[in-house]
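Engineer: Just dropping this structure here.
The values are calculated or read from the model by the stated rules, or taken from the named source; none is laboratory data. Model, not experiment: these values are computed from the prediction. Every residue, glycine among them, receives a Cβ derived from its backbone with ideal geometry; neighbour counts consider all protein chains shown.
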Amino acid sequence: MPPLSQSVSEELSKRLHQARQDLLHTVRGRTGPQGDDAPPIGTLAHLGQPDDGSQAEMISHNEQHLAEHESSLLHEIDVAIGKLASGGAGICESCGRDIPEARLLATPTVRLCIECQAQLEKDQHTGRGPSM
């Protein structure tokens, strides 16, 4: 199994580290204090009038879901950075075959080859196709 080319490895590292930095900035902006204001993830940040409680709670709930998604994405980036550092990037976690460099460059956090990803989506009924 040939390792990733030096140029692809460097490009992946650059993209992953930049994505991680950008995502951390976004998460900190969502969860950290905003000067004298409550963090956007908190209900109080969206409470304007006393009768806005339900709406503030709904917005806060949405902010929490976004933060969970961003945390999950941050984990995926960290896993990809670790695999790149250990020499495991570009190897399908399911079958062990090479993941094409073009696929890695398109989605640096990808963990499966196209065939295994297609099978996973088929098994979980998450792929594109008729929804009825």
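Engineer: Quick one: what pairs do we get from segment 106-128, first residue among the hydrophobic types (A, V, I, L, M, F, W, C), second assigned to a helix (DSSP H, G or I) and exposed (fewer than 15 other Cβ atoms within 10 Å of the Cβ), C-beta under 8 Å, 6+ apart or different chains?
Structural biologist: 112/120
Engineer: Right, here's the next one. Restricting attention to segment 112-126, does a residue exist that is over 21 Å from residue 22 (Cβ atoms) and among the hydroxyl-bearing types (Ser, Thr, Tyr)? Please lay out each step first, then the result.
Structural biologist: So in segment 112-126, the residues over 21 Å from residue 22 (Cβ atoms) come out as 112-126.
So of that shortlist, the ones also among the hydroxyl-bearing types (Ser, Thr, Tyr) come out as 126.
Scanning segment 112-126, I find at least one residue that is over 21 Å from residue 22 (Cβ atoms) and among the hydroxyl-bearing types (Ser, Thr, Tyr), so the answer is yes.
Engineer: Restricting the search to segment 100-119, which residues are closer than 20 Å to residue 75 by Cα and surrounded by 16 or more Cβ atoms within 10 Å (Cβ to Cβ)? Outline the logic, then answer.
Structural biologist: Residues of segment 100-119 closer than 20 Å to residue 75 by Cα: 103-113, 117.
Scanning segment 100-119 gives 103, 104, 108, 109, 110, 111, 112, 113, 117.
Engineer: Could you please find all residues in segment 67-110 being among the β-branched types (Val, Ile, Thr) and in a helix (DSSP H, G or I)? Explain how you work it out, then say what you get.
Structural biologist: Initial filter on segment 67-110 (among the β-branched types (Val, Ile, Thr)): 77, 79, 81, 91, 99, 107, 109-110.
Result: 77, 79, 81.
Engineer: Restricting attention to segment 86-99, which residues are buried (at least 16 other Cβ atoms within 10 Å of the Cβ) and hydrophobic (A, V, I, L, M, F, W, C)?
Structural biologist: 89, 91, 92, 99
Engineer: Of the residues that sit in segment 8-28 and are free of Cβ contacts under 8 Å to residues at least 12 places away in the same chain and over 15 Å from residue 71 (Cα atoms), which one is nearest to the chain's Cα centre (by Cα)?
Structural biologist: Taking segment 8-28 as the starting set, the residues that turn out to be free of Cβ contacts under 8 Å to residues at least 12 places away in the same chain are 10, 14, 18, 21-22, 25, 28.
Now drop any that are not over 15 Å from residue 71 (Cα atoms), which leaves 10, 14, 18.
Working: 10: 20, 14: 16, 18: 13 Å.
Residue satisfying both the conditions and the ranking: 18.
Engineer: Could you list, in sequence order, all residues of segment 79-102 that are closer than 23 Å to residue 10 by Cβ and touching a helix residue (DSSP H, G or I) at 6+ places or on another chain (Cβ under 7 Å)?
Structural biologist: 80, 81, 84, 89, 90, 92, 101
Engineer: Moving to a separate point now. Please specify each residue of segment 103-114 satisfying the condition of being more than 18 Å from residue 10 (Cβ to Cβ) and out of contact with any Leu (no Cβ under 9 Å at 6 or more places or on another chain).
Structural biologist: The first filter runs over segment 103-114 and keeps only residues more than 18 Å from residue 10 (Cβ to Cβ), leaving 111-114.
Once the filter is applied, which keeps residues that are more than 18 Å from residue 10 (Cβ to Cβ) and out of contact with any Leu (no Cβ under 9 Å at 6 or more places or on another chain), segment 103-114 yields 111, 113, 114.
Engineer: When the residues of segment 6-63 are filtered to those that are under 25 Å from residue 77 (Cβ atoms) and among the aliphatic types (A, V, I, L, M), which remaining residue is modelled with the lowest pLDDT?
Structural biologist: Of everything passing the filter in segment 6-63, 41 is modelled with the lowest pLDDT.
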